[in-house]
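Structure, as C-alpha cells:
The values are calculated or read from the model by the stated rules, or taken from the named source; none is laboratory data. Keep in mind that what you see is a predicted model, and the values were worked out from it rather than measured. Cβ coordinates were reconstructed from backbone atoms using ideal geometry, including for glycine residues, and neighbour counts include every protein chain displayed. Accessible surface areas use protein heavy atoms only, side chains included; no ligands, DNA or RNA. Shrake-Rupley method; radii C 1.70, N 1.55, O 1.52, S 1.80 Å.
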Amino acid sequence: MHKLAISGSTIMSDEDKFHELLRDDVHHIEIGEFSNEQSFQKFLHMKGQTSFGVHSPLFRHQSKYDLIESVHMESEQAWSQLEEEARQLAELGAEYVLVHFPYFQGTPKKDAAAAIEEGLRKLSAIQAAYDIPFVCEPKLGLQRSGAAIRYLYDFPMEIWEKYNIQLCLDLGDYAMAVGDELPRHIAKWSPFVKVVHLHNVYYTEEKYFWNMIHPSQETDTDFFHLQSAIQQLAEGHDKYFVLEHTPHTGPTEKRVREGIAWVQKLIT
C-alpha cells in the first residue's frame, strides 16, 4: 500500500511547528536540515510511532549537492558526512536516507555516466555497511538546469539496478526540466522509484516556489497538470508520496486538506 507523507519543507523544519507534521491524513514524515541536535531529538520524541525518512543533510548548512562535484564543500567531506548520517539514522530506525544525486550545476566537468556510476558504487557500499536504504533524487542545477535529470534518463538501467539504489522523482522539478516528456521518464524509471515528491510550481519574476498540489491546478494554465503523472506513478509497487510544498505561498488548511484528499484518491 502506498503511504501519503508530508515533508519538513512545509514548515522549513521549524521545531516550533513540528506539531503541524503530525496530521491524521498522512502517515509518514520526510524531514532534514534540523537547526541542531536538540531540535532533531525533539522531533524524534514528538513523532512517536510515526515512520520517518531523512532528506539529507540532517543538519542545516551541511552538504546538499557535493557528492559528484564540489559545490559548497569538498566531495570527500560530503561523503564522510553522508556515511555518518547513515550510521546514526540506521540506529534510530529511519526508513531511508534521501540524497540529492545526481546533481550537476550545469555541463558536467567529467564524464556524466562514469561520475554517476562512481557515486552509485559508494552509495551501495554505505547502504550495505549500515543496512539502511538510500533514495536518490536528481535535482535541477543552476538557473533551472535539467542536466542531471537528462543525464539520468540516458544512464543504463542495468547498471543502476546492479547497485540496488532506489529513486525519488520530484514532480515539480521533472515538470520544469522535461515538460511533456515526463511520462517517458516515469515509464523508464518507475521500477526504481520509491519516493515521489509532490508539489506544483509558482513563478514570480525572479524566483519560483513549491506550491501546494491541488485539483484546481488541472484546469489552470499557470500550473503544471500533474494528475496523470501521479496516477502513472501510483501503478506498481508501494511508494511514499510526499507533500513537499513550502510555506511561501501561504496555503490555507482547507486547501491543504483538499489537496491531500485528491492525491489520496489518485493513489488508492
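Just a few scattered comments:
- Net +/- balance of residues flanking residue 23 in space, Cβ distance below 11 Å, scoring K and R +1, D and E -1: -3
- Ligands, DNA and RNA left out, the 1.4 Å accessible surface of the chain is 49% carbon and sulfur atoms.
- Net dipole in debye of the range 81-144 [+1 Lys, Arg Cβ; -1 Asp, Glu Cβ; about Cα centre; nearest 20]: 400 debye
- Alpha carbon Rg of the chain, scaled by the compact-globule rule 2.2 N^0.38 Å: 0.95
- Calculated on the Cα set of the range 25-123, radius of gyration then Dmax: 14.8, 45 Å.
- Along the chain, counting only GluC sites (Glu not before Pro) with a DSSP assignment other than H, G, I, E or B and at most 16 other Cβ atoms inside a 10 Å radius, the longest segment between sites is 75-204.
- Heavy-atom accessible surface of the chain, averaged per residue, reaches 46 Å², computed with a 1.4 Å probe.
- Between amide H atoms placed 1.01 Å from N, distances below 5 Å from residue 170 occur with 197, all of them 5 or more places distant or on a separate chain.
- Entries of 3/265; 3/47; 64/207; 139/207; 64/122; 17/64 with Cα pairs more than 18 Å apart: 64/207; 17/64
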